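The next block holds one structure in the form of structure tokens; read it before the comments.
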Amino acid sequence: MTTLKFHPTTLLILLLPGLGILSLWEIGILWIAAALHEAGHMVAYRICGSGFESIHILPFGLCALPKDPQKVSPNSEIFCAAAGPTVNLLICAVLLALPIGPSKTVLYLLYCNGALFTINILPILPLDGGRLLYFSLTKRFDLQLCETICRRSAWILLCLMLYPLCISLFGDKNPSIAMIWGYLALHNLLRRGSI
């Protein structure tokens, strides 16, 4: 039986409307896009024969943890990691192809799916792009070297993200990139061992 876990930091998202960053309507659209992203991963893991231990509710979406991740082959992990961003990309393509006017909801759904694709494809663990990099490397190198490459590439990218972070935070007064950067930096600082 899959358990549903609510991360305490999820309550922080309720501060965003009060700070004038996101409305409850925008948070709802973002959660729909994130749920569809995670559904892509879940379907892919089911195709590969894995169930789920738990689903975590996080501030900006969901995270489903497979029951026996060590039983899933690197090729299957690559397929499963790519499934979420692929769903977001397909939603963008469908929204762009639909013969409907650019309503506020459609434009924001397009924006959310585009942002989820772009952020998740970055080769930084624990993002999907980081998992794609890691499991691609495991086909050629030992796990310790794969971990080292992923950790170093993450820090290089996080350093490169400092400029857009400052522009977003101080120029646009939008802390969203800073929040994502902080989460990724903290995760990579505290992470030990394989993914």
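Since every read-out is calculated from the coordinates, none of them should be taken as a lab result. Quick caveat: nothing in here was measured; it's all calculated off a predicted structure. As a convention, Cβ positions derive from the backbone with ideal geometry for all residues, glycine included, and neighbour counts pool all protein chains shown.
For the chain, what is the percent of antiparallel DSSP beta bridges, rounded to the nearest 5? Write out the running numbers ahead of the final one.
Numbers: 6 of 10 bridges.
Looking only at bridges with both residues in the chain, the antiparallel portion is about 60 percent.
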inquiry  = Please list, ordered by chain and number, the residues whose modelled amide H lies under 5 Å from the amide H of PHE52; skip anything fewer than 5 residues away on the same chain.
reply    = LYS67
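Mean residue ellipticity at 222 nm from the helices of the chain, using -39,500 (n - 2.57) per DSSP H segment of n ≥ 4 over the full residue count, to the nearest 500 deg cm²/dmol?
Values: 8 runs with 117 residues, N = 195.
Rounded to the nearest 500, the figure is -19500 deg cm²/dmol.
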task = Could you work out the local net charge near THR86, counting Lys and Arg as +1, Asp and Glu as -1, over the other residues with Cβ closer than 13 Å to its Cβ?
result = -2
ask   = In the Gaussian network model of the chain, springs joining C-alpha atoms below 10 Å, which of ALA81, ALA93, ALA64 carries the largest mean-square fluctuation?
value = ALA93
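So how much slack lies between TRP25 and LEU65, counting 0.36 nm per residue of separation and subtracting their Cα-Cα distance, in nm? Working shown, then result.
Values: separation 40, 0.36 × 40 = 14.40 nm, distance 2.77 nm.
Extra length from TRP25 to LEU65 when fully extended: 11.6 nm.
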remark   = In the chain, whole DSSP H helices that both stretch 15 Å or further along their axis by alpha carbon positions and average at least -0.5 on the Kyte-Doolittle scale are 24-47, 74-97, 104-120, 143-160, 176-190
query = Relative contact order (percent) for the chain, with alpha-carbon contacts under 8 angstrom and 6 or more residues of separation?
reply = 18 percent
note = Given 131-144, 30-43, the highest-first ranking by average Cβ count within 10 Å works out to 30-43, 131-144
request  = Would you indicate which of (1) 17.3, 51; (2) 17.6, 58; (3) 17.0, 54 is the value of Rg and Dmax of the Cα atoms in Å derived from the coordinates of this structure?
outcome  = (1)
